[in-house]
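What follows is a short report on a single structure.
Only the coordinates and a few stated rules stand behind these numbers; no lab work does. Keep in mind that this is a model prediction, so the values were computed, not measured. Positions of Cβ are backbone-derived with ideal geometry, glycine not excepted, and every protein chain shown enters the neighbour counts.
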Amino acid sequence: MKCIAILASVIIIAGSCQSSSSAKADEIPVPVTDKSEGENLISFKVNGKLVNTSGWTISRFSFQSEPLQLWLNITSNMKQEPRTLNFNLNGSVPGKYSLGGSAMKKQSHASYYPNYLEDLSRSFSFSSGEFTLTQVDTVKHLVNGYFSGIVKNLNGEQLEITDGKLINGALNWNVIRY
């Protein structure tokens with residue numbers, strides 16, 4: 001009887017390992033949610049229109065010229081929702097980070113893409129705003145915060161980003177060095 005139970009367990013484990021290893025990354029469906037709470041959720045409004053998506057990448061990084069200064073990159077999932085945000089915060093601890101800086105390696109900066117997958121040239125930069133990190137947990141690998149601001153493109157078009165939330169964002173384990 002024990003042999004049958006062990007054999008059945010081995011077959012189940014081997015079958016599940018085989019099926020997961022043969023699946024391709026682009027075949028795995030990305031869950032779409034309209035919830036206002038959850039895991040790795042990013043939500044915000046663009047001129048009052050709600051956008052719900054998830055975090056594509058949330059990772060700490062540093063520049064070789066300043067290896068001890070950790071930054072935080074937060075990018076929403078452009079494959080789930082083409083309206084995409086990208087933040088580069090000049091810190092990785094809870095606090096308030098002003099957006100709109102022009103010194104790329106010194107000040108926090110961020111951008112918004114109305115349709116990341118089809119038109120990268122139509123980008124908007126935050127001219128003002130703030131991202132407040134309320135939690136950065138490097139043990140549980142979670143990031144929480146909220147944000148808002150004004151974005152402008154090169155043609156002078158302006159949009160307002162409001163009610164931005166990062167809820168239980170999945171922080172990558174490693175620190176990237178540039």
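Within the range 132-139, is there a residue that is touching a Lys or Arg at 6+ places or on another chain (Cβ under 7 Å) and within 13 Å of VAL46 (Cβ to Cβ)?
First, pick out the residues of the range 132-139 that are touching a Lys or Arg at 6+ places or on another chain (Cβ under 7 Å): 132.
When the remaining residues are screened for being within 13 Å of VAL46 (Cβ to Cβ), the result is none.
No, because not a single residue in the range 132-139 is touching a Lys or Arg at 6+ places or on another chain (Cβ under 7 Å) and within 13 Å of VAL46 (Cβ to Cβ).
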| query | Of these, SER92, SER121, SER43, SER98, which one is among the hydroxyl-bearing types (Ser, Thr, Tyr), touching a Leu at 6+ places or on another chain (Cβ under 9 Å) and without any contact (Cβ under 8 Å) to a residue 60 or more places away in the chain? | reply | SER92
| field | Looking only at the range 55-83, and only at residues there that are of a type in the set (S, T, N, Q) and crowded, with 16+ Cβ neighbours inside 10 Å, the one that is farthest from SER43 (Cα to Cα) | value | SER62
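In the range 95-138, what residues are assigned to a loop (DSSP other than H, G, I, E, B) and within 15 Å of GLY164 (Cβ to Cβ)? Outline the logic, then answer.
Quick first cut of the range 95-138, residues assigned to a loop (DSSP other than H, G, I, E, B) only: 99-108, 114-123, 138.
Answer for the range 95-138, where residues must be assigned to a loop (DSSP other than H, G, I, E, B) and within 15 Å of GLY164 (Cβ to Cβ): LEU99, GLY100, SER108.
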